[in-house]
C-alpha cells in the first residue's frame with residue numbers, strides 16, 4: 001500500500017480505520033492530495049470519486065443513512081468545502097454521521113491574496129457536533145534536531161491526534177456531522193510505502209441508558225389514568241422499534257398511534273395517514289381528538305396539519321423519547337426521556353395497564369370511513385398528480401427502498417397506505433430539494449437493495465449532478481412527476497394572487513429529462529396519462545440492465561384544486 005509522506009494525513013486515515021470508518025467520498029483537488037493518496041490506496045477503504053462537492057456530500061449522506069455508521073468526505077481548500085453545507089445541515093438535523101475532512105492552506109496564507117483560500121476554521125460550527133482544527137505539518141516535517149523544535153513537533157502531533165479522536169468519537173457517539181480541517185504545506189504528492197506514525201486511539205464512550213422504577217412511576221400513573229393518548233412517530237430507520245412494543249401500543253384502547261410513511265413501522269391499529277384523518281375536522285372534531293397525553297418518538301414530522309392541531313389543542317402532558325435531543329415542536333414539552341425508544345418501552349410498558357376507553361375505536365371508525373371516501377374519490381378524479389401517485393405506489397416491487405423528494409412528492413405519498421414491505425426515506429432534516437437524487441444514489445449504493453426515487457421536476461433538475469458518477473446501480477429507478485414547475489406553491493393560501501407568481505414562485509418551464517438520460521446512459525420512459533403510466537411502469541420494472549428514468553407529465557393547473565377538494569370530499 002501507499003501512504004502520504006505527511007504524518008497527519010497518515011494519522012487521519014489510520015484513526016478512521018480503527019473506528020470502523022471505511023467509506024470515503026473524495027472530490028478532486030490538489031491541496032487534499034495527501035488525504036486522497038492515503039484513503040484511495042488503502043485496501044480496507046471503499047473510496048468513491050465524485051466531482052461536485054454538493055452532490056458528493058449528499059451521496060455520502062445516503063451511504064451513511066443505509067450503512068448506519070459514519071462516512072467520510074474529503075475535498076480541497078477554498079470554496080469546495082462550502083458546497084458541503086446543505087448536506088451538513090441535513091445530517092445535523094437528521095442525526096446522520098458525516099465526517100468532513102477538508103484540506104486547507106497554512107494559517108499564514110489566509111487573507112493575503114493567495115488563491116483558493118478562505119476562512120475554513122469552524123466554517124460549519126452552527127451545524128456540526130465538533131470542529132477539529134489541526135496544526136499544519138511544517139513543524140512535523142522539519143529535519144532540524146533542535147530540542148525546542150522537537151518539543152513543538154511532539155506537541156503538534158499530540159494535539160492533532162487528540163482532535164481527530166474527539167471529532168470521530170463525536171460522530172460515532174452522537175450520530176451527526178463533524179468537521180476536521182487540516183492545513184498542508186507543499187510538497188503534497190510525496191508517497192511512502194510504510195506508515196511513519198502509530199496514532200493513539202481514544203475509545204468512544206457511548207451514553208449509558210438508565211431509568212429507575214422510582215423515576216418512572218409518576219409518569220406511569222399519569223399514563224394509566226389517561227383515557228386519550230396519542231403516540232406520534234416521526235422519521236425512523238426501518239427496524240428501529242421492536243414489533244412487540246408496537247403491538248402493545250396498538251392493542252391499547254385508550255391510545256392511537258399516528259405514523260407517517262417515513263416512520264417505517266406497522267400495526268393494523270395504527271393510523272398511517274394523518275392528514276386523511278384530521279384534514280377535514282372542525283373544532284368539535286379536534287376537541288374529541290385532543291389527547292390527555294402526547295408521546296413523540298423519532299425525528300421530523302411531515303404533516304403540517306398535525307403540528308397545527310397539537311399547537312392549538314395541546315395535551316396536558318407531552319413526553320419525547322430520544323437518546324439525543326427533544327424539540328418543543330408543539331410548545332408543550334414536559335419531559336425528555338433521554339434514552340432509546342426500545343429501552344424506554346422495555347422499562348415503561350411492563351408497569352402500565354390499559355385504561356378503559358372508547359378513544360381508539362372511535363377514531364378507527366373514522367379512519368375506515370375516510371378510507372372508503374378516499375378510494376371513491378380516486379375513481380372519480382381526472383388525470384393529475386394525485387392519480388399518478390396512486391399508480392406509481394402500487395407498482396414499486398416488494399422489499400425495495402423508496403426514496404422521496406421533498407415538497408409535494410413526500411406530502412402526496414402521506415395520503416396513501418403504501419406497501420408495508422418498502423423501506424422509506426426522505427431528507428426531512430431541512431426538507432430541502434437540493435440533494436434528493438444524490439442521496440438516493442448513495443443510499444442505493446450503500447444498501448445494495450433495489451431503489452426507486454420519486455421526485456418532482458424542480459428537485460430533479462436542481463440535483464441533476466447526482467447522476468454524474470459511475471456508481472449508480474443497474475436497478476436504480478427515478479420517477480419524475482413533471483408538472484412544469486413548483487406545483488406545491490399553487491396549494492399555499494393566497495399564493496396564486498401574488499404578482500408574477502408564475503415566474504418567481506411556480507417557475508414554469510418546458511424542460512424534460514430525455515436529454516439528461518442520454519447524457520448519463522440511462523433508459524428513458526415517458527407517460528402522459530393513466531394508461532400510458534401503467535404501461536411505462538411495467539416496462540420500467542421489467543428491465544434492470546441499466547438505471548432508468550420514468551418521467552410522468554401531469555397538468556399544471558388542476559393539481560391544486562383536486563388536492564384541496566379531496567379534504568372536503570372525505571369529510
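Every read-out reported here was derived from the displayed coordinates using simple, explicitly stated rules and does not represent laboratory data. Being a predicted model, the structure only gives us computed values, none of them experimental. Virtual Cβ from ideal backbone geometry, glycine too; neighbours counted across all protein chains shown.
Against the chain, whose longest principal axis comes from its Cα atoms, helix 7-18 is set at around 40 degrees. Annotation for the stretch 45-90 versus the stretch 279-331: alpha-carbon center distance of 34 Å. Placing a label point 7 Å from the Cα of residue 207 along the Cα-to-Cβ direction, the residues of the stretch 322-337 whose backbone N falls under 17 Å from that point are 322-329, 334-337.
Compared with the dominant principal axis of the Cα atoms in the chain, helix 436-447 is inclined by about 80°.
Among 353, 209, 506, sorting on how many other beta-carbon atoms sit within 10 Å of each Cβ, with the fewest leading, yields 353, 209, 506. Here r is the Cβ-Cβ distance between residue 126 and residue 534 and R0 is 35 Å; the resulting FRET efficiency, rounded to 0.05, is 0.15. The gain in end-to-end length when the residue 46 to residue 326 segment is fully stretched comes to 97.4 nm, 0.36 nm per residue minus the alpha carbon separation.
For the listed peptides 291-297, 361-367, 235-241, 57-63, a ranking on the average number of other beta carbons within 10 Å per residue, highest first, reads 57-63, 291-297, 235-241, 361-367. Our note on the geometry: Cα centres of the stretch 502-527 and the stretch 381-414, 18 Å apart. Dividing the mean sequence gap of close Cα pairs (under 8 Å, 6+ apart) by how many residues the chain holds gives a relative contact order of 13 percent.
So what's the projected area for the stretch 118-257, the Cα convex hull averaged over all directions, in nm²?
Numbers: hull surface 61.4 nm².
Mean projected area of the Cα convex hull: 15.4 nm².
The antiparallel fraction among DSSP beta bridges confined to the chain stands at about 5%. The relative contact order of the stretch 381-569 comes to 25 percent, based on Cα pairs under 8 Å that sit 6 or more residues apart.
Temperature 10 °C, viscosity 1.306 mPa s: under these conditions the Stokes-Einstein estimate for the chain, based on its Kirkwood radius over C-alpha pairs, is 62 µm² per second. Kirkwood radius, the stretch 381-569, all distinct C-alpha pairs, inverse of mean reciprocal distance: 16.7 Å. Only alpha carbons enter this Debye calculation for the stretch 3-190, each as an equal point scatterer, and the log10 of I(q)/I(0) it gives at q = 0.09, 0.14, 0.15 Å⁻¹ is -0.28, -0.70, -0.80.
Length gained on full extension, residue 351 to residue 420: 21.8 nm, using 0.36 nm per residue less the C-alpha separation.
Using a simple spin-label model with pseudo-atoms 7 Å out from Cα toward Cβ, residue 304 and residue 146 lie 6.5 nm apart. Put a dot 7 Å past the Cα of residue 500, heading toward its Cβ, do the same for residue 544, and the two dots end up 4.9 nm apart. A Förster radius of 60 Å, combined with the Cβ-Cβ distance separating residue 112 from residue 564, puts the computed FRET efficiency at roughly 0.55.
Of all the Cα-Cα pairs you can form in the stretch 213-360, what percent are over 18 Å apart? Cα-Cα pairs in the stretch 213-360 separated by more than 18 Å: 54 percent.
Between residue 198 and residue 314, the simple spin-label model (points 7 angstrom out along Cα→Cβ) gives 6.0 nm.
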